[in-house]
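Notes follow the structure.
The values are calculated or read from the model by the stated rules, or taken from the named source; none is laboratory data. Computed from a prediction, not measured in an experiment: that's the story for all the values here. All Cβ positions, even for glycine, are placed from backbone atoms using ideal geometry, and neighbour counts span all protein chains on display.
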Ligand code: C5P
């Protein structure tokens, strides 16, 4: 890990140029970065390699979900890019997660391996429709426990799930939380939000923050303000 900032800036941009215009103003000492499916599909591995070469800790958020062999080798390919964190869907099951964890164990130094539990866009009726007659919180807890016992380093979760998961999982199991909004900022399409300071107080290890920084009139000032709210 290159820096101890808890902020992971989500680079949700449609073009490489727009993403690099922002990252040119950011310092690897002050934040980490997240590249997701849109930017990766448009810009490819080149942007990942560039940002890693620029010194950033990079979370490659591609949420792998496939047969164990395919996911394990995709994770190894991500590790070869030098990323700091990579993720898979816990609903791919124990064998899939263990295959990814095993391939990392054989490599020695590897990225953090994180699982996604239930997408926060899914509610009870969405789960029922795919055949899961279970309360979303129970499913989050079941998949997080499975992720931990399958060798994952942590999970992505809503800040409102931190308390539930901290009670059930080891203290060193990492919790990465999107859905973060500094007091007074627009919530956009995020329905269940928490401030950065509250999420850290509850036990979040890293905060994924997009629009409150990327769409701010002064993104660097917005990042500084969040970083200092965490120091107080
Ligand atoms: O702009 P905003 O701060 O809402 O961005 C949050 C980021 O976290 C986006 O990249 C989004 O895809 C991601 N994310 C999320 N909720 C999840 C998982 C990921 O908002 N459950």
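Looking across the range 143-170, the residues that are away from the ligand (no atom under 16 Å from the Cβ) and either surrounded by fewer than 15 Cβ atoms within 10 Å (Cβ to Cβ) or under 14 Å from the mean Cα position of the chain (by Cα) (or both) come down to 149, 153, 163, 167, 168, 170. Whenever a residue of the range 10-23 is farther than 25 Å from residue 177 by Cβ, it has no partner that is within 13 Å of the ligand (Cβ to nearest atom) and modelled with pLDDT of 95 or more lying with C-beta atoms less than 6 angstrom away and at least six residues away or across chains. Can you name every residue in the range 171-189 that is crowded, with 18+ Cβ neighbours inside 10 Å and near the ligand (Cβ under 10 Å from one of its atoms)? Listed by number, the residues that qualify are 176, 177, 178, 179, 180, 181, 185. Among residues of the range 179-197 that are in contact (Cβ under 8 Å) with a residue 60 or more places away in the chain, those with a beta-carbon under 7 Å from a residue that is outside any strand (DSSP E or B) at least six positions away or on a different chain give the pairs 192/158; 192/160; 192/179; 196/182; 196/226; 196/229; 196/230. Scanning the range 203-213 for residues that are touching a strand residue (DSSP E or B) at 6+ places or on another chain (Cβ under 7 Å) and within 7 Å of the ligand (Cβ to nearest atom) gives 208, 209, 210. Filtered by the rule that a residue be within 17 Å of residue 5 (Cβ to Cβ) and touching a strand residue (DSSP E or B) at 6+ places or on another chain (Cβ under 9 Å), the range 179-202 gives 180, 182, 195, 196, 199, 200. Determine whether the range 115-124 contains at least one residue that is surrounded by fewer than 16 Cβ atoms within 10 Å (Cβ to Cβ), in contact with a helix residue (DSSP H, G or I) (Cβ under 9 Å, 6 or more places away or on another chain) and modelled with pLDDT of 95 or more. No, the range 115-124 contains no residue that is surrounded by fewer than 16 Cβ atoms within 10 Å (Cβ to Cβ), in contact with a helix residue (DSSP H, G or I) (Cβ under 9 Å, 6 or more places away or on another chain) and modelled with pLDDT of 95 or more.
With the requirement that a residue be assigned to a helix (DSSP H, G or I) and farther than 18 Å from residue 209 by Cα, what does the range 41-58 give you? Give the steps one after another, and end with the answer.
Step one: list which residues in the range 41-58 are assigned to a helix (DSSP H, G or I), which gives 41-43, 45-53.
41, 42, 43, 45, 46, 47, 48, 49, 50, 52, 53, listed by residue number.
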